[in-house]
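Here is the structure we will look at, set down as structure tokens.
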There are 2 protein chains.
Amino acid sequence: MTRPRVAIIGCGFGGLEAVKALSHADVEITLLDRTNHHLFQPLLYQVATAGLSAPAVSAPIRHTLRRQMKRGNLTILQAEVTGIDAARRELRLDDDQRIGYDHLIVAAGATHSYFGHDDWAAHAPGLKTLADAFAIRARVIGAFERAERCTEPAACEPWLTFVVIGAGPTGVEMAGTMTEIAHHTLPQEFRRIDSTRARVVLIEGSDRVLGAFVPQLSQRAREQLDKLGVDVRTGCKVTGIDADGVDYETRANGTGNETPDGEAVSTHRLHSRTVIWAAGVAGSPLGKALAQTTGATLDRAGRVLVEPDLSVAGHPEISVIGDLASAKSYEHGQGQGEPKAVPGVSPGAKQMGRAAAANLLRRIEGEATQPFRYVDYGNLATIGRKAAVVDLTVPVVGAIRFSGYFAWLFWLFAHIWFLIGFRNRLMVMLDWGWAYLTYERAARVVAEPPSVRTPDSLQGGPRVSTQSRNVPFCPK
Amino acid sequence: MTRPRVAIIGCGFGGLEAVKALSHADVEITLLDRTNHHLFQPLLYQVATAGLSAPAVSAPIRHTLRRQMKRGNLTILQAEVTGIDAARRELRLDDDQRIGYDHLIVAAGATHSYFGHDDWAAHAPGLKTLADAFAIRARVIGAFERAERCTEPAACEPWLTFVVIGAGPTGVEMAGTMTEIAHHTLPQEFRRIDSTRARVVLIEGSDRVLGAFVPQLSQRAREQLDKLGVDVRTGCKVTGIDADGVDYETRANGTGNETPDGEAVSTHRLHSRTVIWAAGVAGSPLGKALAQTTGATLDRAGRVLVEPDLSVAGHPEISVIGDLASAKSYEHGQGQGEPKAVPGVSPGAKQMGRAAAANLLRRIEGEATQPFRYVDYGNLATIGRKAAVVDLTVPVVGAIRFSGYFAWLFWLFAHIWFLIGFRNRLMVMLDWGWAYLTYERAARVVAEPPSVRTPDSLQGGPRVSTQSRNVPFCPK
């Protein structure tokens with residue numbers, strides 16, 4: 001008898017955990033990923049802000065899984081899945097190859113969502129992949145370079161204004177770190193501009209930052225952002241993004257979401273040449289493909305609604321896990337109250353990966369599958385140097401919440417701990433130790449010279465001699 | 001009186017050295033570079049072969065020169081120079097800004113030359129910039145991934161055949177390291193292919209590798225390449241490169257260049273999907289711009305012929321240094337024999353940078369300039385793990401030549417020594433120590449999923465199940 005064929009799409013936190021959980025199983029696994037690496041997304045913002053190099057936050061999939069590969073139940077293919085045929089139990093790849101399966105785990109993750117404004121993407125890149133991080137790094141570092149080249153103060157200003165949209169963990173990290181770069185890394189490295197005059201504006205639609213945390217920690221985070229010098233604007237609804245900046249609206253009382261209709265709305269414009277999108281995520285397009293072939297329902301964010309055991313309704317052989325799944329947590333035993341939604345965080349994805357693998361083995365053995373139960377260990381986010389918030393859920397004890405320096409240390413070591421590979425841990429520790437002492441950013445190189453966007457103010461600009469242009473017009 | 005305006009184009013070894021040599025001068029320097037970093041090119045092949053991350057071999061220009069910046073005679077602009085007007089003493093930048101100068105040092109370096117076959121560039125990338133290195137890394141690592149995806153042995157073979165054209169130091173380093181990857185890094189990480197069956201072919205037009213060394217060391221290098229498993233083919237003239245491989249000719253006696261006309265020529269074809277170009281360099285296009293505006297002469301490789309003091313004939317205010325200069329070395333004093341050509345290596349560029357800066361200051365003081373004298377300390381090249389050749393020129397003692405393990409250690413420490421920045425030295429040492437112990441390559445990630453080139457053999461390929469495709473057809 002041939003071994004059951006298991007296809008796993010995506011090697012993020014969920015997919016990798018599922019593969020590992022099937023390490024000793026008598027199955028034939030094919031793991032498919034578009035890239036050759038597992039990405040430690042919680043530290044991706046560090047690549048975008050030139051603090052870490054790409055190899056430090058990623059692990060080659062083949063190297064990570066080499067021991068399992070030796071055991072002989074795993075094939076890894078770097079390939080993009082372009083279609084799913086649930087009736088034939090077959091995946092279609094980018095080169096039109098087909099991969100048959102008996103069991104399928106879809107862990108394709110999420111992408112940015114611009115809430116229907118896809119034209120914003122060109123002006124406000126989001127942060128999901130290494131390529132995204134490189135693009136953002138090039139923009140942020142390039143903006144200071146462009147400011148140094150400007151011949152008029154009016155042209156300089158938008159290059160020194162950075163806007164981050166969305167004050168979730170990524171937005172808060174980006175805004176805090178960019179402020180740190182402007183205030184501590186770059187000063188004295190420019191002749192004409194004063195990098196400490198750079199403005200970082202963090203725009204949030206709701207009335208507080210880090211909405212996933214309790215209000216008390218949101219307040220602490222807000223205070224730490226203020227202290228770093230981030231210009232936090234809550235209650236702002238973004239209505240437009242173009243090459244020159246951002247349009248947004250505020251209600252009269254300053255909160256965008258929670259006021260009665262009919263209230264006065266004021267519109268605002270921020271002139272900025274560097275806008276980062278950290279506001280919305282949507283399930284991978286594979287969710288739509290899956291819905292078409294299985295009849296599964298998608299939620300508003302394009303995530304697949306799954307059964308309590310993480311399978312797709314009517315297709316017990318297909319599970320969806322991680323950011324692509326709209327899953328609920330079920331307490332073991334009956335009558336434990338309403339199931340809660342599983343948050344889109346890495347522990348959630350990892351736990352789903354293990355659960356989906358366990359249910360898959362149960363199905364093979366002819367046993368009943370079990371509902372997924374999410375164990376919440378808490379939540380943490382960093383704001384910048386020596387600034388973070390931590391909300392731990394400790395069994396028996398309950399919630400432990402703290403912020404500031406110790407929260408930052410806790411965040412630091414937790415992230416190093418969960419990094420994959422001893423080498424990466426060591427390198428990140430060294431990089432961070434060095435950065436702590438020197439304020440240097442280890443990865444300030446930008447590979448490609450940016451294609452020059454010629455702002456109107458520079459077109460046919462005046463001929464100026466080196467001498468006259470050396471007058472600093474952005475006064476220090 | 002205003003200070004003399006000095007413009008320096010390019011922050012490679014030559015340009016950086018010139019800026020530093022003017023550190024305390026009462027001049028107003030504008031340093032222009034297309035990128036934001038100084039690149040340590042001797043280790044760029046390590047980035048291409050995934051051994052080092054990009055930040056390890058590059059230094060942010062502003063950070064490197066921050067102390068000089070504080071002294072107030074330096075402005076750094078990240079900009080591409082698109083034109084030179086020697087009559088107006090003015091540079092034109094990519095955004096059409098003009099930079100006036102009283103003295104100009106052109107250190108724009110070299111680019112690849114495909115000897116008139118520019119269509120080869122798409123199929124055989126060269127290695128000059130970080131972007132080049134990333135592109136080559138993606139191709140080399142991607143080739144093994146593509147081989148693993150192939151469904152027919154015939155399609156697999158060209159993905160596992162790597163061709164390096166040109167057996168100078170870069171070509172030898174690339175070929176040696178790629179063999180190491182195939183034989184030591186990747187084995188046991190693939191299911192269907194045996195990476196040790198990969199073939200690395202090193203093609204050279206002349207009759208020996210490392211032609212800049214004495215024949216005895218070329219022979220040693222050849223032996224070390226053979227031992228590593230590199231398929232070295234000297235005396236081969238490349239006549240065509242396309243997406244599927246390389247065409248080349250050999251003369252009947254096996255050497256392409258040194259046989260009389262009329263001898264029988266045989267043609268060959270190598271099927272390969274990964275071809276690296278390490279054969280020819282040409283002066284930056286700025287050389288041509290300079291020739292047009294000053295009437296300077298270019299040599300066959302597009303380099304500017306300079307006067308003994310490194311200036312351009314008829315334009316004492318313009319110097320050309322580094323790989324863009326066709327310069328000669330003049331012994332101090334008269335009657336020291338024929339001046340020798342300065343080789344295109346980093347010590348040459350650095351020495352020219354210092355000499356050009358010194359002559360510039362002499363001109364400002366109204367003194368006579370001095371002819372350039374190149375001090376040759378020797379030459380070294382690595383072949384792979386524990387394999388290198390060293391040819392030192394020691395004053396009084398004369399030439400010291402050695403190869404093998406100690407040459408490799410010497411190469412290692414010389415390269416760490418000359419790296420810029422303590423942090424980079426430390427990181428490279430750690431990376432190399434780790435790699436030595438584990439054979440791991442620190443930077444095996446590829447940021448972008450490669451756009452899939454669909455070879456004919458895969459188009460409309462058969463539908464195959466996971467099960468049947470797991471039969472290894474490239475026998476281990």
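Condition first: in a helix (DSSP H, G or I) and either among the β-branched types (V, I, T) or crowded, with 21+ Cβ neighbours inside 10 Å (or both). Now tell me which residues in segment B:193-217 satisfy that. Scanning segment B:193-217 gives B:S195, B:T196, B:L217. The number of residues in segment A:166-192 being within 14 Å of another protein chain (Cβ to nearest Cβ) and part of a helix (DSSP H, G or I) comes to 4.
Restricting attention to segment A:89-108, the residues that are under 27 Å from the mean Cα position of the chain (by Cα) and among the hydroxyl-bearing types (S, T, Y) add up to 0. Taken together, A:A54, A:A87, A:A59, A:A107 contain a single residue that is touching a Ser or Thr at 6+ places or on another chain (Cβ under 8 Å), in contact (Cβ under 8 Å) with a residue 24 or more places away in the chain and surrounded by 19 or more Cβ atoms within 10 Å (Cβ to Cβ), which is A:A54. Annotation for segment B:165-177: no member residue is more than 19 Å from the chain's Cα centre (by Cα) and farther than 18 Å from B:P125 by Cβ.
Looking only at segment B:1-45, residues that are more than 10 Å from chain A (Cβ to nearest Cβ) and either assigned to a helix (DSSP H, G or I) or among the charged types (D, E, K, R) (or both) come to 15 in all. Within segment B:57-87, which residues are of a type in the set (D, E) and not in a loop (DSSP other than H, G, I, E, B)? Selection gives B:D85 alone. Within segment A:289-312, no residue that is under 16 Å from A:A86 (Cα atoms) and not assigned by TED's automatic domain parsing to the domain that holds A:K328 sits with its Cβ atom under 7 Å from a residue that is modelled with pLDDT under 95 and of a type in the set (A, V, I, L, M) at 6+ positions apart or across chains. Confirm whether A:K328 is touching a residue at least 12 places away in the same chain (Cβ under 8 Å), surrounded by 16 or more Cβ atoms within 10 Å (Cβ to Cβ) and among the charged types (D, E, K, R). It is true that A:K328 is touching a residue at least 12 places away in the same chain (Cβ under 8 Å), surrounded by 16 or more Cβ atoms within 10 Å (Cβ to Cβ) and among the charged types (D, E, K, R).
Look at A:A154 and say whether it is more than 10 Å from chain B (Cβ to nearest Cβ) and either at positive phi or in contact with a Phe, Trp or Tyr (Cβ under 8 Å, 6 or more places away or on another chain) (or both). The answer is no for A:A154. Each residue in segment B:88-124 was checked for being in a loop (DSSP other than H, G, I, E, B), within 14 Å of chain A (Cβ to nearest Cβ) and more than 30 Å from B:G240 (Cβ to Cβ), and 9 pass.
Evaluation of B:L210 against the conditions (1) touching a Pro at 6+ places or on another chain (Cβ under 9 Å); (2) at pLDDT below 95; (3) under 29 Å from B:F406 (Cβ atoms) shows that the sole unmet condition is (2).
May I ask you to verify whether A:V345 is at pLDDT 95 or above, of a type outside the set (S, T, N, Q) and within 26 Å of the chain's Cα centre (by Cα)? Against the criterion (at pLDDT 95 or above, of a type outside the set (S, T, N, Q) and within 26 Å of the chain's Cα centre (by Cα)), A:V345 does not qualify.
The values are calculated or read from the model by the stated rules, or taken from the named source; none is laboratory data. Remember, predicted model here, so these are calculated numbers, not experimental data. A quick note on method: Cβ atoms are made from the backbone with ideal geometry, for glycine too, and the neighbour counts reach across all protein chains shown.
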